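Scroll down for the structure; my scribbles are underneath it.
Values in this text are rule-based calculations from the coordinates and carry no lab data. Quantities reported herein were computed from a predicted structural model and do not represent experimental measurements. When we count neighbours, we look across all protein chains shown, and the Cβ atoms used for this are built from the backbone with ideal geometry, even at glycine.
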Amino acid sequence: MILKKVIIENIRSHEYLEFEPASIGVTAISGENGAGKSTIVDAFSWSLFGTRLHGLRNKNYIREGVDAKEKTVQVISYIRVGNTDFMIKRKITSNEGACECKVFSYNEEIGDFEIFSLRTVVDEVTDPVCHI
């Protein structure tokens with residue numbers, strides 16, 4: 001997996017941040033304490049796995065003073081796995097911390113991302129008689 005970009009909106013200390021690591025070499029994230037360095041890494045991990053980092057509940061990721069029903073609270077991660085680009089959107093949809101996650105794959109024929117269907121992958125790798 002290759003990380004291409006992470007977009008953070010209203011997550012902890014970040015109102016809006018686009019982070020693109022170097023395509024070659026090493027990327028360093030530096031800043032003072034409390035600047036939000038760890039939030040970048042934590043937000044990427046949360047977008048992929050939905051894990052609660054540092055014991056925080058989803059509602060604790062919402063930027064202070066933000067109403068999740070009125071403003072977008074999400075992390076969008078762009079990754080490449082093999083020869084396929086994916087976009088993962090994990091969004092907090094309520095102030096109580098309810099969230100949703102959608103995965104999209106890049107379709108070269110249409111030149112844009114479309115919802116990723118796990119069913120297609122399952123159909124390709126399972127016996128036609130046995131479906132999950």
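Please sort 23-31, 55-63, 39-47 by packing, taking for each peptide the average over its residues of neighbouring beta carbons within 10 angstrom, highest first.
Going by the mean number of other Cβ atoms within 10 Å, highest first, we get 39-47, 55-63, 23-31.
Using a Cα-Cα cut-off of under 19 Å, which aspartates and glutamates could be cross-linked to LYS71, ignoring same-chain neighbours fewer than 8 residues away?
GLU9, GLU15, GLU18, GLU96, GLU100
Bins of 10 Å, beginning at zero and ending with the bin holding the largest distance: percent of Cα pairs per bin for the chain, please.
Reading the bins upward from 0: 11, 37, 31, 16, 4, 0.
Report, by chain and number, residues whose modeled amide H sits under 5 Å from the one on ILE62, excluding near sequence neighbours (fewer than 5 apart, same chain).
ARG12
Could you work out the relative contact order of the chain, using alpha carbon pairs under 8 angstrom and six or more residues apart, expressed as a whole percent?
23
When you count, for each residue, the other Cβ atoms within 10 Å and take the mean per peptide, how do 2-12, 80-90 rank with the highest first?
Highest to lowest by the protection proxy: 2-12, 80-90.
Check CYS99: other-chain or 5+ apart residues with amide H under 5 Å from its amide H, H built from backbone geometry?
Close amide H contacts, sequence-distant or interchain: THR93.
Provide the per-residue ³J(HN,Hα) series for segment 82-93, in order, calculated from phi with Karplus coefficients 6.51, -1.76, 1.60 and θ = phi - 60°, each as a whole number of Hz, with x at glycine and proline positions.
The phi angles translate into x, 10, 10, 8, 10, 10, 10, 10, 10, 10, 8, 9 Hz.
In this model, which of LYS37/LYS69; LYS5/LYS59; LYS5/LYS37; LYS5/LYS102; LYS4/LYS89 are farther than 18 Å apart at the alpha-carbon?
Result: LYS37/LYS69; LYS5/LYS59 exceed 18 Å.
How many angstrom lie between the C-alpha centres of segment 79-113 and segment 30-67?
So the separation of the two Cα centres works out to 18 Å.
Name the residues whose placed amide hydrogens come within less than 5 Å of the amide hydrogen of PHE116, ignoring near sequence neighbours (fewer than 5 apart) on the same chain.
VAL103, PHE104, SER105
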